[in-house]
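The values are calculated or read from the model by the stated rules, or taken from the named source; none is laboratory data. What you are looking at is a predicted structure, and each value in this text was computed from that prediction instead of being measured. Positions of Cβ are generated from backbone atoms using ideal geometry, with glycine treated the same way; all protein chains shown enter the neighbour counts.
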């Protein structure tokens, strides 16, 4: 699988990586570092490149995510992964919408949480709790949540390409 990724044309490799993190500069950097010897090498390189992203690039990546509680339609890789990651989010749509809206008003961007394995109640509690964060604290939390998503998706890409 990794061999196939390593031999993709640069544009195709970048497109595959954008499903992991929708920051074009990040995808270009990770694709340009090919070939990767092991799947773990791809994941480590992707996470290291993620750690170098500035807030502007993180906002680009955030903008590509579906609102929590709203599973995206379509057959793209990132839409399928998002639906899978939000599989535990059942019901509480109105409450999640309220948290999403309050969060977006407070911080000016999407409420992002690593939803894999979490219930609606857990996500609601986390969202409500994070509304009390200051801007700097919340940016740190968002970076950590997005990093977990990127790492999971890189692992999927490494095994799925």
Residue 144 vs. criteria loosely packed, with under 15 Cβ neighbours inside 10 Å, within 22 Å of residue 45 (Cβ to Cβ) and at pLDDT 90 or above: yes
Leading residue by the ranking (modelled with the lowest pLDDT) among those in the range 110-122 that are buried (at least 17 other Cβ atoms within 10 Å of the Cβ) and in contact with a helix residue (DSSP H, G or I) (Cβ under 7 Å, 6 or more places away or on another chain): 120
Residues located in the range 3-39, provided they are in a helix (DSSP H, G or I), more than 18 Å from residue 61 (Cα to Cα) and either touching a helix residue (DSSP H, G or I) at 6+ places or on another chain (Cβ under 7 Å) or touching a residue at least 40 places away in the same chain (Cβ under 8 Å) (or both): 4, 5, 10, 39
Looking only at the range 41-55, and only at residues there that are in contact (Cβ under 8 Å) with a residue 24 or more places away in the chain and either farther than 16 Å from residue 148 by Cβ or part of a loop (DSSP other than H, G, I, E, B) (or both), the one that is farthest from the chain's Cα centre (by Cα): 42
Some residue of the range 131-139 being at pLDDT below 95, out of contact with any strand residue (DSSP E or B) (no Cβ under 9 Å at 6 or more places or on another chain) and in a helix (DSSP H, G or I): no
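To keep it simple, each residue is scored yes or no on (1) under 23 Å from residue 156 (Cβ atoms); (2) modelled with pLDDT under 95.
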| position | (1), (2) |
| --- | --- |
| 46 | yes, no |
| 52 | yes, no |
| 59 | no, no |
| 69 | yes, yes |
| 74 | yes, yes |
| 81 | yes, yes |
| 91 | no, yes |
| 102 | no, no |
| 106 | no, no |
